[in-house]
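Below: the structure, in structure tokens.
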Amino acid sequence: MGLIIRSSAIHAAGCYSTTAVKKGQRITEYTGRRISKEEADAAYEASPITYLFGLGNGDIVIDGHCAAMFINHSCAANAETSEVDGRVWVTAIKNIAAGEEITYDYRLYDGGDDAAVCNCGAKRCRGTMYSPDEVKKRKLAAKRAALRAKKKAARDREKKRAAKKSKSAKA
């Protein structure tokens, strides 16, 4: 099976198959140097684009250097990744026509304040490359932060009222 890299409507460059791929067929392996998450964070701190793939619990990442690094995210992906004996394989979850862009759902779980905006254009796009669980976690954290801010603002207003009341009682 041949893979080519060319322009993509999703994000800059994408990975395309030159032949038809059957559902269940392995497409490619995600390869590159294995480094710690800390090394990756330090190396790419100022870089807006990375080609990192987290292994296992994410302590080790693959610093992509292969055709697979150009496989873009889609909420309606035609492939998926799996880790087998420390290797990451990209496998078709649908039949893929020759010339079709290969995509998988990144399901990101780490990214700090980055919104990880999704540009896949799928009908049911969730708007982000984060996993559904991560989206829920971030929404809950935002709600809690908003509630804390609201409570703090109410306490501050009450302190001002009490100070104003105390000042007018002294006068």
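Every read-out reported here was derived from the displayed coordinates using simple, explicitly stated rules and does not represent laboratory data. Computed from a prediction, not measured in an experiment: that's the story for all the values here. As a convention, Cβ positions derive from the backbone with ideal geometry for all residues, glycine included, and neighbour counts pool all protein chains shown.
For residue 87, the conditions (1) over 14 Å from the mean Cα position of the chain (by Cα); (2) among the basic types (Lys, Arg); (3) surrounded by fewer than 13 Cβ atoms within 10 Å (Cβ to Cβ); (4) more than 19 Å from residue 32 (Cβ to Cβ) are fulfilled apart from (4). Any idea which residue in region 1-58 is nearest to residue 121 (Cα to Cα), counting only those that are in contact (Cβ under 8 Å) with a residue 24 or more places away in the chain and among the polar types (S, T, N, Q)? The extreme case among them is 8. Tell me, which residue of region 31-75 that is polar (S, T, N, Q) and outside any loop (DSSP other than H, G, I, E, B) is nearest to the chain's Cα centre (by Cα)? Residue satisfying both the conditions and the ranking: 72. Of the residues making up region 98-141, those that are more than 14 Å from residue 11 (Cβ to Cβ), in contact with a strand residue (DSSP E or B) (Cβ under 9 Å, 6 or more places away or on another chain) and in contact (Cβ under 8 Å) with a residue 40 or more places away in the chain are 98, 99, 100, 109, 110.
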